[in-house]
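Let me begin by presenting the structure, written as structure tokens, before commenting on it.
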Amino acid sequence: MSKPAVIMITSNGVGAGHLIRASAIARRLKDDARPIILSMAYSVVEVATALGIECEFVPGRDKGLMGRRRWDDYLRDRLSALIDETGAKVVTFDGVVPYPGILATKFRRPEVSFEGVKELMKEDASLIDPAVREQVEISAKYKGYILRQQEEVDRSRDQLDIPLPIDLDYKEVHGLSVEAQQKLNLHKPENLGQASRISGITPATISLLLVFMKRKNKPKKMTTNRPEKAA
């Protein structure tokens with residue numbers, strides 16, 4: 001018998017509190033349910049992959065990719081589709097105020113129970129296990145690099161042709177999850193494009209590889225010895 005799906009929505013607030021809490025709850029639910037985190041936090045991809053949790057990344061309204069009303073419709077349609085795809089009967093939201101797209105989905109799907117996480121539970125520090133916090137902190141540490149490099153990847157797909165050294169040990173690339181390191185060391189992709197097509201390799205992983213290769217290929221400054229002045 002398949003486990004019931006539970007969609008857990010988190011906003012992208014200041015810090016990583018929403019994502020930490022959702023990840024911790026999802027780990028507790030895995031034995032009895034199929035938790036799926038839908039988040040506006042970019043680090044959800046790395047965090048969820050490292051913890052073995054299904055996830056869906058939705059670019060936040062603050063990214064400015066589309067107008068406010070269009071984004072609300074986009075969130076409504078994506079959430080409705082995810083409910084239909086998974087058969088979820090429960091949707092939770094962890095944030096300050098539910099987005100209009102979530103409320104619209106609630107009216108569209110009256111058979112689905114929509115709950116606020118803070119109303120369902122009290123803050124409990126013991127719930128946040130070290131594995132969840134560590135992975136979130138790693139992703140947060142490299143968030144600036146990931147976001148900047150992801151923007152560059154989106155602007156120029158030619159960067160996917162950047163070659164990767166065949167003898168590269170991916171354990172040397174800081175910020176990669178253990179799973180990503182193992183897969184890359186197993187497949188030894190010739191370039192970033194091949195790496196991006198490996199199952200389980202996320203855009204955030206490609207961004208970190210791009211940072212690594214740019215630093216590795218950065219030309220070193222040449223120093224010249226100036227002749228000594230005659231006395």
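The values are calculated or read from the model by the stated rules, or taken from the named source; none is laboratory data. Model, not experiment: these values are computed from the prediction. Every residue, glycine among them, receives a Cβ derived from its backbone with ideal geometry; neighbour counts consider all protein chains shown.
Details
- 1 or more residues surrounded by 21 or more Cβ atoms within 10 Å (Cβ to Cβ) and without any contact (Cβ under 8 Å) to a residue 24 or more places away in the chain: qualifying helices (runs of 4 or more DSSP H) within region 1-99: none
- Where a residue in region 186-205 is modelled with pLDDT of 85 or more and its partner, wherever it lies, is in a strand (DSSP E or B), with Cβ under 9 Å and at least six apart: 190/163; 191/163; 192/163
- Any hit, region 16-25, residues being under 12 Å from the mean Cα position of the chain (by Cα) and modelled with pLDDT of 85 or more: no
- For residue 156: the one exception among (1) assigned by TED's automatic domain parsing to the domain that holds residue 59; (2) among the polar types (S, T, N, Q); (3) at pLDDT below 55: (1)
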